[in-house]
Amino acid sequence: MTPDSHVPALIVGAGPIGLACAISARRNGIDALVVDAGAITDSIVRYPIGMTFFTTPERLEIGGHPITCAGAKTTREEALMYYRGVVRAEHLRVRPHTRLDTAKRRDGRIHCQLTSRRGTETVTTDRLVIATGYFDQPNRLEVPGEELPDVSHWFDEPHRTAAQDVVIIGGKNSAIETALQCFRAGARVALVYRRPELKPSVKYWLRPDFENRVKAGEIAAHLGCEVVEITPSAVVIRTHDGSTQSLPADRVYALTGYHPDFALLRRLGVELTGPDDRPTHNPETLETNIPGVHLAGSVTAGRAISEIFIENGRFDGDKIFGDPSQRARADARYAAHPRPVGE
């Protein structure tokens, strides 16, 4: 691609929803280019090695392509193979490791600045779709030591933690599951959560397992506590009575949740409203207050990221690129795919 080239549609985000949007565009006669700051389905790349999806395989499918998996549920590795296979089967144009810096509407077109290893270039498009999800933007603790090399906002695999002191920060499903996996891999595990109790949304099979490990003294739970500092060898917390305590830590997982890239949306001129920073958009076409700029997937819900996920966001492409009948079918399919209980 040369500088100042033009594409009919530019889709930012090569996750499952961005790829589904590209399929919808292609089937409606629109040749879309998909770019992603990371790899294809980079959010799934960041999932723990060997992770199994809770949802059933058919609810992860895009473009009518069936998923083949060895067990009842799809693993991380099977999902990665599936989505890159869909890219090949649909002949989608995808450019990984290419970031959208900014975009401005001018002279009837949207002028987009892209940055990659090749440098910076300008691409114009008639329609810009933001399908960047949220997994790249962790909710930071904003405490000293958060940037240390042994601190991560994503969990990789439990084997790395064997025979080490591991502190996990957070109290939702990912943190609880990580604590259990690290314990069973042979780590000495402490969990720190700012609330005095675990959230009711913790999966029903995780809660009793975790609580039993705590009662047995196998996992140390520090509920109602706040992290104030991370050092190369410890996590310093403030307890409920205001005193401080130092927890030994060779490895720290700060699993405190994620949010959409609001800075990008603001650079584009998209209006954010309410306590959840919900982007202004037409629910029928997903077009924002900027003509020609659309949203797809969880980014449409602002901080309320639990409302949108692969199972229903995969239909957003038909709302953006389809005719009224396709949009109506997308709404019907969306309503037929509520979030699975326990996820």
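Here are the numbers:
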| quantity | calculated |
| --- | --- |
| Of all residues in segment 27-45 being closer than 28 Å to HIS153 by Cβ and surrounded by fewer than 18 Cβ atoms within 10 Å (Cβ to Cβ), the one that is nearest to the chain's Cα centre (by Cα) | VAL45 |
| Neighbours by Cβ (under 6 Å, 6+ apart or cross-chain): first from segment 240-260, among the β-branched types (Val, Ile, Thr); second in a loop (DSSP other than H, G, I, E, B) | THR256/ASN139; THR256/GLY170 |
| Cβ-Cβ under 7 Å pairs, at least 6 apart or on other chains, segment 174-202 side crowded, with 17+ Cβ neighbours inside 10 Å, far side acidic (Asp, Glu) and in a helix (DSSP H, G or I) | LEU180/ASP209 |
| Some residue of segment 238-261 being of a type in the set (Asp, Glu) and in contact with a Pro (Cβ under 7 Å, 6 or more places away or on another chain) | no |
| Set VAL235, VAL228, VAL192, VAL202: member being in contact with a Cys (Cβ under 7 Å, 6 or more places away or on another chain) and within 22 Å of PRO138 (Cα to Cα) | VAL192 |
| Every residue from segment 289-314 that is polar (S, T, N, Q) and under 27 Å from ARG59 (Cα atoms) | SER298, THR300, SER306, ASN312 |
| Boolean, GLY85 is modelled with pLDDT of 95 or more and part of a loop (DSSP other than H, G, I, E, B) | no |
| Residue in segment 9-25 that is modelled with pLDDT of 95 or more, in the same structural domain as LEU100 (by TED's automatic domain parsing) and surrounded by fewer than 21 Cβ atoms within 10 Å (Cβ to Cβ) present | no |
| Looking only at segment 128-159, and only at residues there that are charged (D, E, K, R) and closer than 22 Å to GLY50 by Cβ, the one that is farthest from the chain's Cα centre (by Cα) | ASP150 |
| Residue in segment 29-37 that is of a type outside the set (A, V, I, L, M, F, W, C) and assigned to a strand (DSSP E or B) present | no |
| Of the criteria (1) surrounded by fewer than 22 Cβ atoms within 10 Å (Cβ to Cβ); (2) over 17 Å from the mean Cα position of the chain (by Cα); (3) not in a strand (DSSP E or B), which one VAL94 fails | (3) |
| Failed item in (1) crowded, with 18+ Cβ neighbours inside 10 Å; (2) within 30 Å of ARG327 (Cα to Cα), with VAL235 passing the rest | (2) |
| Test: residue in segment 141-158 that is surrounded by fewer than 19 Cβ atoms within 10 Å (Cβ to Cβ) and in contact with a Cys (Cβ under 9 Å, 6 or more places away or on another chain) | no |
| In segment 50-81, the residues that are out of contact with any Pro (no Cβ under 8 Å at 6 or more places or on another chain), surrounded by 16 or more Cβ atoms within 10 Å (Cβ to Cβ) and in a loop (DSSP other than H, G, I, E, B) | MET51, PHE53, GLU61, GLY63 |
| ALA221 surrounded by 14 or more Cβ atoms within 10 Å (Cβ to Cβ) and in contact with a helix residue (DSSP H, G or I) (Cβ under 9 Å, 6 or more places away or on another chain) | yes |
| Subset of segment 57-103 that is basic (Lys, Arg) and free of Cβ contacts under 8 Å to residues at least 40 places away in the same chain - its residue that is nearest to ASP42 (Cα to Cα) | ARG76 |
| Tally of residues being of a type in the set (A, V, I, L, M), farther than 23 Å from ILE290 by Cα and in a strand (DSSP E or B) across segment 104-141 | 0 |
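The values are calculated or read from the model by the stated rules, or taken from the named source; none is laboratory data. Note that this is a predicted model, so its numbers are computed, not measured. Every residue, glycine among them, receives a Cβ derived from its backbone with ideal geometry; neighbour counts consider all protein chains shown.
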